Every structure is written in C-alpha cells, then in structure tokens.
Amino acid sequence: MYVACVVESVRVHVPSNQHVVLLHARGTERLLPIWIGPDQAHSIAVRLAGIPSERPLTHDLMVEMLEKLGVEVTRVVVKDLVEHGDGQGVFHGSVYLQAGEREVEVDSRASDAIAIAVRVGARILVSDEVFDRSSIPTEGSTADEGELTLFRQFINSLSDEPPGPQRASG
C-alpha cells in the first residue's frame, strides 16, 4: 500500500549546502525528509514558489515533451530506500505514465519524480514500508520525541529560501 503525500517544503542547510524535500502525509502529523541534489531542489522550489524561468528547466522540458506526445503522468511513487550500511541510503522512485490504453512505469530518482509531479499535479505516493521506516513526527505532534529531537532541530534550522542554481567553478 501507499501513503499519499504533498510537498511541505524544500530546504537547504546553508553551512553544509545539503538539500532536503519534506513530504507531508495527508491526514497525519508525519514528514518524510528526502535528501536531494541542488538541481532537483531548485527545480522543485521554483515551481512551488511559482517563479517562472527564462528557459525551460529539465523537468519542464520532460513534461512538455510528454504533453506533446499525448502522454499523461498519473502518479509518482517513492518505492524504496536502499541503505548502504553506513546509515545513508538512496530513495528510489517511479513515474507512472498513461500512453493511450497502456500504463508505463519509468524508474527514476525520487527527487526527479517529485519535480515532475509538482509540475503536472500528479499524486505523490510513498510505499508504506519507506514511510514507516523513514518518516518523522511534525513539530508539535504528540509522537515520542526520543531520538528525533536532534533531527527535528536540524530540519528546523534549514532555510526556507528556494535554493539557487549551482554554478560550475573553474
């Protein structure tokens, strides 16, 4: 089964330059933090903020190509969290497309799937297993604080400012 989510915000921890998208599960007091790259963070944040770009961003281009081909994005799924054994892991996602009578699942990074979903208004679903394993209570919820206090403090220290595009140095 799946948990329906919406993007609560995209944040950046300025000293470490780490980016995170926070998914809020509808009808719960829980958030799912997904660490993402700066380009995906920028793409999601500018769309949520309604900031137009001068030229299409990569996710805008993908959506426009699909629309011109008559293909609809029906939903995106955060389907797995593959852990590396060092306390870190990678979220895996899928984009589901409807092409006529045919449904197609396309493997993707969770962050790319979310960036596409916010552009087309597609449902964002998270597998129960991933959600149960990785979500945290929202601030002010009555859930057990325990080990989550430090993580919540870190999340609350993140800037709500949309991250800017990364510039290559050199």
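Some notes on this structure:
- Residue match in region 93-106 (condition: touching a residue at least 24 places away in the same chain (Cβ under 8 Å) and among the basic types (Lys, Arg)): no
- For region 102-156, the candidate set comprises residues that are at pLDDT below 95, of a type in the set (A, V, I, L, M) and not in a loop (DSSP other than H, G, I, E, B); within that set, the residue that is farthest from VAL78 (Cα to Cα) is LEU150.
- Of all positions in region 20-34, none carries a residue that is farther than 19 Å from THR138 by Cβ, touching a helix residue (DSSP H, G or I) at 6+ places or on another chain (Cβ under 9 Å) and surrounded by 13 or more Cβ atoms within 10 Å (Cβ to Cβ).
- Those residues of region 1-42 which are hydroxyl-bearing (Ser, Thr, Tyr) and touching an Asp or Glu at 6+ places or on another chain (Cβ under 8 Å), in sequence order: TYR2, SER9
- Every condition in (1) exposed (fewer than 11 other Cβ atoms within 10 Å of the Cβ); (2) in contact with a Lys or Arg (Cβ under 8 Å, 6 or more places away or on another chain); (3) of a type in the set (S, T, N, Q) holds for GLN88 except the one numbered (2).
- All of GLU67, GLU72 fail the test of being more than 21 Å from HIS19 (Cβ to Cβ), in contact with a strand residue (DSSP E or B) (Cβ under 8 Å, 6 or more places away or on another chain), surrounded by 12 or more Cβ atoms within 10 Å (Cβ to Cβ) and not basic (Lys, Arg), apart from GLU72.
- Residue list for region 24-79, filter: farther than 16 Å from VAL120 by Cβ and among the aliphatic types (A, V, I, L, M): ALA25, LEU31, LEU32, ILE34, ILE36, ALA41, ALA45, ALA49, ILE51, VAL78
- Filtered by the rule that a residue be of a type in the set (Asp, Glu), surrounded by 12 or more Cβ atoms within 10 Å (Cβ to Cβ) and without any contact (Cβ under 8 Å) to a residue 12 or more places away in the chain, region 41-64 gives a lone residue, GLU64.
- Qualifying residues in region 83-101 (those that are among the hydrophobic types (A, V, I, L, M, F, W, C) and modelled with pLDDT of 95 or more) - the one farthest from HIS19 (Cα to Cα): ALA99
- Of the criteria (1) among the aliphatic types (A, V, I, L, M); (2) at pLDDT 95 or above; (3) under 25 Å from GLU105 (Cα atoms), which one LEU57 fails: (2)
- Counted residues, region 5-54 - those being at pLDDT below 90 and aromatic (Phe, Trp, Tyr): 0
- Within region 1-48, the only residue that satisfies the criterion of being of a type in the set (Asp, Glu) and under 10 Å from the mean Cα position of the chain (by Cα) is GLU8.
The values are calculated or read from the model by the stated rules, or taken from the named source; none is laboratory data. Not measured: the values here are computed from a predicted model. Please note: Cβ atoms are built from the backbone with ideal geometry, for glycine as well, and neighbour counts cover all protein chains shown.
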